[in-house]
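One structure is given here, and the rest of the page talks about it.
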Amino acid sequence: MWTRVCLLCCLMAQSIATMAMTDPVSELFDDWQNSAVFINQTLDKALLQRFIARAQSVSKQNPTNAKAWALSGQIKAFYASQVPSIEGLKVAKQARDDLQYALSLDPRVFPHQTYAELGYLYHNTPGWPFSFGSQTMAEKLLSKALEIDPQGLMSNLRAGEFWFDQKNYAQAQKHLQLAVDCAAAKKQDGWIEFQLIQANQMLTKITK
């Protein structure tokens with residue numbers, strides 16, 4: 001009897017472990033965070049488009065998975081920032097919709113990071129009549145990210161970028177330095193390292 005129970009438990013544990021390893025959302029997250037785009041620091045449009053297609057497929061197959069939609073929004077937001085304006089604006093709107101939908105499913109998805117990425121989109125996208133950009137909304141979303149995690153890497157990184165562009169260099173330096181210090185505490189993946197290069201460049205401009 002107990003032998004059968006133990007065997008059943010082992011089989012269930014093995015099945016759960018296998019499911020965890022093959023979870024498409026986790027696989028996409030890991031692949032994206034360590035993509036050759038960031039490691040090589042070169043724009044590979046074809047590779048980015050494949051990531052978008054994969055993200056759309058994963059989110060549609062997991063319609064109630066907030067992480068799938070948040071990740072799709074993050075990938076699209078990065079793509080939008082790397083391509084010409086007309087194409088970028090179209091993808092930026094898709095990114096906004098994905099991030100907002102993710103938050104509607106779970107307001108705590110990737111806690112501060114989803115709000116930070118949404119704020120980044122509003123900050124870097126032109127306003128009406130061209131698109132949905134709004135510095136007021138960007139500041140509100142970035143403040144929400146910082147409220148959730150005042151010491152967070154991405155919340156401070158995006159806030160630092162925002163204040164740098166607003167020419168409030170004291171605030172920018174405060175947040176960028178917090179982000180860099182946070183990143184220094186442990187090894188980061190390629191996506192974060194890519195962002196930190198820009199953070200350090202801004203810090204250099206502020207302090208020189």
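When the test is whether a residue is in contact (Cβ under 8 Å) with a residue 40 or more places away in the chain and more than 22 Å from F194 (Cα to Cα), D97 does not pass it.
For the stretch 23-35, a residue qualifies if it is open to solvent by less than 70 Å² (accessible area, probe 1.4 Å) and in contact (Cβ under 8 Å) with a residue 60 or more places away in the chain, and the qualifying residues are W32, Q33, S35.
So which residues in the stretch 38-55 are small (G, A, S) and open to solvent by less than 30 Å² (accessible area, probe 1.4 Å), if there are any at all? A55 - this is the single residue of the stretch 38-55 that is small (G, A, S) and open to solvent by less than 30 Å² (accessible area, probe 1.4 Å). Pull up the stretch 181-199, narrow it to residues that are more than 17 Å from the chain's Cα centre (by Cα) and of a type in the set (A, V, I, L, M, F, W, C), then point me to the one that is modelled with the highest pLDDT. Here the residue is A184.
Of the residues in the stretch 180-195, at least one is open to solvent by less than 50 Å² (accessible area, probe 1.4 Å) and part of a loop (DSSP other than H, G, I, E, B). Taking the stretch 168-202 only, how many residues are basic (K, R) and in contact with a helix residue (DSSP H, G or I) (Cβ under 6 Å, 6 or more places away or on another chain)? So the count comes out to 0. Of the helices (runs of 4 or more DSSP H) contained entirely in the stretch 56-173, those carrying at least 1 residues that are open to solvent by less than 50 Å² (accessible area, probe 1.4 Å) and charged (D, E, K, R) fall at 66-82, 85-105, 111-124, 153-165. Does A36 fit the bill of being farther than 20 Å from Y115 by Cα, at pLDDT 95 or above and more than 15 Å from the chain's Cα centre (by Cα)? It is false that A36 is farther than 20 Å from Y115 by Cα, at pLDDT 95 or above and more than 15 Å from the chain's Cα centre (by Cα).
The values are calculated or read from the model by the stated rules, or taken from the named source; none is laboratory data. Predicted model, so just to flag it, every value in this text is computed and none were measured. With ideal geometry, Cβ positions are generated from the backbone for all residues, glycine too; neighbour counts draw on all protein chains shown. Quick note on the areas: whole protein, heavy atoms, side chains included, nothing else; ligands and nucleic acids left out. Shrake-Rupley method; radii C 1.70, N 1.55, O 1.52, S 1.80 Å.
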